[in-house]
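**Q** Sharing a structure, written as structure tokens. Questions coming.
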Protein chains: 2
Amino acid sequence: MRGLLNNSGFTVWFTGLPGAGKTTLAKSLEREIKQQGFPVELFDGDEMRRHLTKGLGFTREDREENVRRIAYVAGIVTRLGGVAIVAAISPYANSRQAARDEIGNFVEVFVRCPLSVCAERDPKGLYAKAHRGEIMHFTGVSDPYEDPRKPEVIVDTNQDFPQQSLEKIVGHLHSNYLLPQLSRW
Amino acid sequence: MRGLLNNSGFTVWFTGLPGAGKTTLAKSLEREIKQQGFPVELFDGDEMRRHLTKGLGFTREDREENVRRIAYVAGIVTRLGGVAIVAAISPYANSRQAARDEIGNFVEVFVRCPLSVCAERDPKGLYAKAHRGEIMHFTGVSDPYEDPRKPEVIVDTNQDFPQQSLEKIVGHLHSNYLLPQLSRW
């Protein structure tokens, strides 16, 4: 495995509404970084809830605990010189700030998409359930989402193709010397 | 930070009764490996219960979940080429086997000490409480501990000084080419 520049790891933290495209982008970024030969770990909010944060619900307190645990693990990866990619709604600005403080080398990516578009995509049928009142505490419907104020990167998945969003993110990593510039970009 | 031999990480997993000396040994091993300049992360069972496994109790099911989560994180560190040190009672052989299977590069250290000696040391006053019936599910008193059948290393903290136990463990890591041999050993 190759070492990163100065052996310094970092975390790319995707935040946004359900259905905004966080997981899709996180996976394509993971693929890209793997192809470049760097150590990378993907932490997907939904996946995490199946093990590391099993038993936690969707109250504010539980969401905060969820984000805290993901930040803890992403921090370890970052300290060890790897790349942690997190895809988690992480609706509360405070929680994301705490994650940033803990991790240090932190790139916040706001996956922006209008609520109406997310609800129309509804890849898991959850918006429909939330609208029927079958799910409580659903972000965007019955639970708040606090927009990032100063994210490092904003991608608009309603306007841009996934490949364009990916290039925007990788471009940021290059210009900030987190990833070495390769000729193909 | 130095890379390990072949960049291959590993986990040293300390198991044993409460009061056997797991945390003490884990900390001195952590210090030793840090001094040698390698990336290392310590996961102490008691510490973990304050964040990563908060809310879990001491039933068999919860203990297994506790060990599963620690194994998950130790596995990440190992994959990234770091050294994970775990100090956790981890009383069930099955759970430890599952951790071994998940992690791969796994060194099980049985911190052996007679129950009567552990209960006499009682560093946290927990044996006394368990004997008075104030703590349920206390390993060694009201909950089982399954001895490792084929641990990589056994240390007898009732007979040996901590430094001797540490040397035994580091000796194993050297002879198995997990740590490079340094002249001072």
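**Q** Please go through (1) modelled with pLDDT of 95 or more; (2) over 22 Å from B:Trp13 (Cβ atoms) for B:Gln181 and return the number of the only condition it doesn't satisfy.
**A** Failing condition for B:Gln181: (1).
**Q** While we're here: Inspect region B:29-36 for any residue being away from chain A (no Cβ under 13 Å), surrounded by 21 or more Cβ atoms within 10 Å (Cβ to Cβ) and touching a Phe, Trp or Tyr at 6+ places or on another chain (Cβ under 6 Å) and give the result as yes or no.
**A** no
**Q** Being in contact with a strand residue (DSSP E or B) (Cβ under 8 Å, 6 or more places away or on another chain) and over 26 Å from A:Leu80 (Cβ atoms) is the filter; apply it to region B:90-110 and report the residue that is farthest from the other protein chains (Cβ to nearest Cβ). Lay out the reasoning, then the answer.
**A** Taking region B:90-110 and keeping what is in contact with a strand residue (DSSP E or B) (Cβ under 8 Å, 6 or more places away or on another chain), we get B:90-91, B:96, B:99-100, B:103, B:105-110.
From what's left, over 26 Å from A:Leu80 (Cβ atoms): B:91, B:110.
Details: B:Pro91: 21, B:Phe110: 26 Å.
Here the answer is B:Phe110.
**Q** Right, something else. Across region A:97-108, what is the number of residues that are surrounded by fewer than 23 Cβ atoms within 10 Å (Cβ to Cβ) and closer than 21 Å to A:Pro18 by Cβ? If you could, list the steps in order and put the result at the bottom.
**A** Restricting attention to region A:97-108, the residues satisfying the condition of being surrounded by fewer than 23 Cβ atoms within 10 Å (Cβ to Cβ) are A:97-98, A:100-102, A:104-108.
Next cut, closer than 21 Å to A:Pro18 by Cβ only: A:108.
Counting residues in region A:97-108 that are surrounded by fewer than 23 Cβ atoms within 10 Å (Cβ to Cβ) and closer than 21 Å to A:Pro18 by Cβ gives 1.
**Q** Additional query: Quickly run through region B:142-154 and pick out the residues that are surrounded by 13 or more Cβ atoms within 10 Å (Cβ to Cβ) and in contact with a Pro (Cβ under 9 Å, 6 or more places away or on another chain).
**A** Passing the criteria: B:Asp143, B:Tyr145, B:Glu146, B:Ile154.
**Q** Taking B:Ser165 as the residue in question, decide whether it is modelled with pLDDT under 95 and surrounded by 12 or more Cβ atoms within 10 Å (Cβ to Cβ). Quick ask: steps written out before the conclusion?
**A** Values: modelled with pLDDT under 95: no; surrounded by 12 or more Cβ atoms within 10 Å (Cβ to Cβ): yes.
No.
**Q** Pull out all pairs, ordered by first then second residue, where Cβ-Cβ is under 6 Å, the residues are six or more apart or on different chains, the first lies in region A:127-151 and is of a type in the set (Phe, Trp, Tyr), and the second is surrounded by 13 or more Cβ atoms within 10 Å (Cβ to Cβ).
**A** So the pair list comes out as A:Tyr127/A:Ala119; A:Phe138/A:Ala130; A:Tyr145/A:Leu17; A:Tyr145/A:Pro91; A:Tyr145/A:Thr139.
**Q** Quick test for you: out of B:Val86, B:Val67, B:Val12, pick the one residue that is away from every other protein chain (no Cβ under 11 Å), crowded, with 18+ Cβ neighbours inside 10 Å and free of Cβ contacts under 8 Å to residues at least 40 places away in the same chain.
**A** Working: B:Val86 fails: free of Cβ contacts under 8 Å to residues at least 40 places away in the same chain; B:Val12 fails: free of Cβ contacts under 8 Å to residues at least 40 places away in the same chain.
After ruling out the rest, the residue left standing is B:Val67.
**Q** Hey, can you tell me all the residues within region B:45-63 that are under 15 Å from the mean Cα position of the chain (by Cα) and within 14 Å of chain A (Cβ to nearest Cβ)?
**A** B:Glu47, B:Met48, B:Arg49
**Q** Return yes or no: is A:Ala128 buried (at least 17 other Cβ atoms within 10 Å of the Cβ) and more than 14 Å from the chain's Cα centre (by Cα)?
**A** Details: buried (at least 17 other Cβ atoms within 10 Å of the Cβ): no; more than 14 Å from the chain's Cα centre (by Cα): yes.
No, not satisfied.
The values are calculated or read from the model by the stated rules, or taken from the named source; none is laboratory data. Remember, predicted model here, so these are calculated numbers, not experimental data. Please note: Cβ atoms are built from the backbone with ideal geometry, for glycine as well, and neighbour counts cover all protein chains shown.
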